[in-house]
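What follows is a short report on a single structure.
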Amino acid sequence: MKKRKWLYGALAGVSFIFIVYALADNFIFDPEAKQFLSHKTGLRRELKPAVWLNVMRIHVALACIAMATGLINFLKRVRDRSILVHRINGYVYLISVLVVVLTSGYMAPYATGGKIASIGFNAINMIWLIITATALVQIKKKRIQAHRNWMVRSYAFCFTNLSIHLVTGLFHQGFGFQYVTGYTIGVYGTIALLLAIPEAILRKLEPA
């Protein structure tokens, strides 16, 4: 029990900080995404900044909602006190993930790193959708523990952006790779991390 509370507290802290940072960065400090767009050179498709920015803002806002609703639904007291609230919150999470994936699909062809990075983003979108759909199927079949496990796997993908930038920073600033190369490594490294970390957490939480 203490292990679960510590893990949830750490997760809540990271989620809160990331949500505040993402909203502040995209809507207050750099609403035109000038720094991020400066890395998008040599695109094969013409990028329309006004459209891209609107899609990006929707993407960020819904990603934050998915992160918040997913976090709330992991609280045992929410599940115990009102299964209806838990269910509604779950559907908000599901819709948020769908919107995030759709908006990501629009932005993928303009990804920093070109076609290779674009393929990686599309892979992330497909994996996240399949995992989230599996969680939904499991609860429809009343397999509660399986549902929770798949939700842990799904929720990990709420940290896609954070993971990409951490890995990118490691390879770009730490190892001296060019930003574009580091970013591409970040995309594929994120796939591996977000598949592996939930499995490690689930094993850690298994009864001894």
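The values are calculated or read from the model by the stated rules, or taken from the named source; none is laboratory data. Everything numeric in this text was worked out from a predicted model, so none of it was measured. So basically every Cβ, Gly included, is an ideal-geometry build from the backbone, and we count neighbours across all protein chains shown. Note: accessible area is taken over every heavy atom of the protein model, side chains too, but ligands, DNA and RNA are not part of it. Shrake-Rupley method; radii C 1.70, N 1.55, O 1.52, S 1.80 Å.
Do the alpha carbons of any pairs in K5/K204; K2/K141; K48/K115; K142/K204; K3/K76 sit beyond 20 Å of each other, and which pairs?
Values: K5/K204 13 Å; K2/K141 30 Å; K48/K115 18 Å; K142/K204 24 Å; K3/K76 14 Å.
Beyond 20 Å between Cα atoms: K2/K141; K142/K204.
Just need log10 I(q)/I(0) for the stretch 25-86 at q = 0.15, 0.27 Å⁻¹, Debye formula, equal scatterers on the alpha-carbon atoms, no solvent, rounded to two decimals.
-0.62, -1.13
What accessible surface, in Å², does a 1.4 Å probe find on I72, ignoring ligands, DNA and RNA and rounding to the nearest 10?
Here the residue's solvent-accessible area equals roughly 80 Å².
Between L84 and K204, what is the label-to-label distance in nm when each label sits 7 Å out along the Cα-to-Cβ direction?
Going from the L84 label point to the K204 one covers 3.7 nm.
Starting from the stretch 100-181, pick out the trypsin sites (Lys or Arg not before Pro) whose DSSP state is loop and whose Cβ has at most 11 other Cβ atoms within 10 Å.
Answer by residue number: K141, K142.
Work out how much length Y91 to I127 would gain on full extension: take 0.36 nm times their residue separation and subtract the Cα-Cα distance, in nm to one decimal.
Details: separation 36, 0.36 × 36 = 12.96 nm, distance 1.86 nm.
Fully extending the segment from Y91 to I127 adds 11.1 nm.
Can you figure out the FRET efficiency of L195 with E46, using R₀ = 25 Å and their beta-carbon distance, to the nearest 0.05? Spell out each step's value before the answer.
Numbers: r = 34 Å, r/R0 = 1.36.
About 0.15, to the nearest 0.05.
To the nearest Å, what is the center-to-center distance of the stretch 47-69 and the stretch 177-194, using C-alpha atoms only?
Answer, in whole Å: 21.
Bin by bin, in steps of 5 Å, what percent of the Cα pairs in the chain do you find, going until the bin that has the longest distance?
Per 5 Å bin, starting at zero, the Cα-Cα P(r) for the chain comes out as 1, 7, 14, 19, 21, 16, 10, 7, 4, 2, 0, 0 percent.
What distance in nm separates the simple spin-label points at K2 and V137, each placed 7 Å from Cα in the Cβ direction?
Roughly 4.0 nm, to one decimal.
Taking a probe of 1.4 angstrom, what is the accessible area of H39 in Å², to the nearest 10?
60
With just the Cα atoms defining each centre, how far is the stretch 1-44 from the stretch 86-148? Give it in Å.
Each part reduced to its Cα centre gives a spacing of 18 Å.
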